[in-house]
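Engineer: Before we start, here is the structure in question, set down as structure tokens.
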Amino acid sequence: MKPTHAFPLAALVLAAGLLAACSDQDSTPAASTPTPSPAAAPMTSPAPAVPPAAAPAASGASAPAPAPSAAPAAATPTSARQLPLSVQGVASAGLTVRVKGVELGPDATVLDVSASFASPLTNWTQMASGDTYLQDEAGNKLMLKRPEDNRYLKIKTGDTMEGRLVFLGAVPADARQVKLVINEGSPPDDTNSPGLEMVLPLKAGG
């Protein structure tokens, strides 16, 4: 009988361990390489909201104060009104003027007048050589509308001129009186253009 060769126990154990290790390595799946995902579209940040327009900053200077409202204009008549008058004025140069009535209208003021002139020093005089107008209580002047055929209101010595003198503008409806100014600034003894002022009442007791 052939002698049996005994393998050392340690060698058997080592061989078994190697086989087990190889078997474990073969059974372990290889780690998969991650597949790169398609490139994602770049994220865009949402556009910042546009802030509402800011109100202009208040300046340190205070806003200008509103201008004071103008004083209300004096009421004017809406229709013509007739007033009888009997006022007479005399200039020392020989001019006599009588105002017999007044028409107060919305656009004009009309005087019914009679004017006479008598002087041994000249053959004629003029009632409108200078400025002739009506003046109201507030100082407003309503200028004479000069007649085309007698712009300076010339009167011959010994004559009487009768007619209606038109002044441009309305007298305030509540006026108590107006002043007739003839040849403004001229002295009353100027034979060429005698100066004369007459107060015409428009209300009882005015």
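Engineer: Based only on other Cβ atoms within 10 Å, what is the fewest-to-most ordering of V171, V97?
Structural biologist: Neighbour counts put them in this order, fewest first: V97, V171.
Engineer: Go through 126-137, 105-116 and give me the packing order, highest mean Cβ count within 10 Å leading.
Structural biologist: Packing order, densest peptide first, comes out as 126-137, 105-116.
Engineer: Something else about it: For Q82 and E197 in one chain, what is 0.36 nm times their gap in residues minus the Cα-Cα distance, to one decimal in nm?
Structural biologist: Gain on stretching Q82 to E197: 39.2 nm.
Engineer: Right, here's the next one. If you take the C-alpha gyration tensor of segment 81-199, multiply each eigenvalue by 5 and take the square root, what semi-axes do you get, largest first, in whole Å?
Structural biologist: Semi-axis lengths for segment 81-199 are 24, 14, 13 Å.
Engineer: Can you spot the lysines whose alpha carbon is less than 25 Å from K154's alpha carbon? Ignore those fewer than 8 places along the same chain.
Structural biologist: The qualifying lysines are K100, K141, K145, K179.
Engineer: In nm, to one decimal, how far is the modelled label at A173 from the one at D107, with both set 7 Å along Cα→Cβ?
Structural biologist: 1.9
No lab work stands behind these numbers, since they all come straight from the coordinates. Model, not experiment: these values are computed from the prediction. Here the Cβ is made from the backbone with ideal geometry for all residues, glycine too, and neighbour counts use every protein chain on show.
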